[in-house]
Amino acid sequence: MAKVTAVCISDAKGIVKTPVPEIFVKIGHGIEGDAHAGEWHRQVSLLADESVDKLREKMPNLDAGVFAENILTSGICLYELPIGTRMRVGQALLSVTQIGKECHNEGCAIKRQTGDCVMPREGIFAEVVEEGSIKAGDSIEVLA
């Protein structure tokens, strides 16, 4: 079963996100209190724990939010979801808008240390279709 393992926010862009007990996502905005919220196609970022595991061999203490992801998941291969896929995440409904992204400058601290970063290849972004709260332990359901 796919589930949320952590939810994270930051109050500024370009820094790691901090795990919080719960987030609330709003239509046309994204996550309340997150620096990346706004009227654009990357309102919410998601990354799978399985993707992070690929780098934990080199850096075992990679905590939730270190890749600036809002939602850390398990049990779902996010980067294989086609753009436009809708998924129920906790109480909210999200629509996938982008797979991967370009690294800023010369990459994050993790890329500089390990020579790799999974977010540009395996992280995904989504817009909020239906508002609601999301917290660790919530289920993720991909809708047909």
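Worth pointing out:
- Some residue of the range 23-30 being touching a Leu at 6+ places or on another chain (Cβ under 9 Å), open to solvent by less than 40 Å² (accessible area, probe 1.4 Å) and outside any strand (DSSP E or B): no
- Top-ranked residue in the range 31-60 [being assigned to a loop (DSSP other than H, G, I, E, B), of a type in the set (A, V, I, L, M) and in contact (Cβ under 8 Å) with a residue 24 or more places away in the chain; ranked as farthest from Glu80 (Cα to Cα)]: Ala35
- Number of the condition not met by Cys8 [criteria: (1) part of a loop (DSSP other than H, G, I, E, B); (2) closer than 19 Å to Gly100 by Cα; (3) at pLDDT 95 or above]: (1)
- Total residues in the range 35-47 satisfying the condition of being farther than 15 Å from Lys135 by Cα and surrounded by 14 or more Cβ atoms within 10 Å (Cβ to Cβ): the figure is 5.
- Residues of the range 71-80 satisfying the condition of being assigned to a loop (DSSP other than H, G, I, E, B) and either under 11 Å from Thr18 (Cβ atoms) or open to solvent by 30 Å² or more (accessible area, probe 1.4 Å) (or both): Gly75, Cys77
- So Val4, is it open to solvent by less than 10 Å² (accessible area, probe 1.4 Å) and aliphatic (A, V, I, L, M): yes
The values are calculated or read from the model by the stated rules, or taken from the named source; none is laboratory data. Remember, it's a predicted structure, so these values are computed and weren't measured experimentally. Because the Cβ atoms are built from the backbone with ideal geometry, glycine has one as well, and the counts that use them run over all protein chains shown. Note: accessible area is taken over every heavy atom of the protein model, side chains too, but ligands, DNA and RNA are not part of it. Shrake-Rupley method; radii C 1.70, N 1.55, O 1.52, S 1.80 Å.
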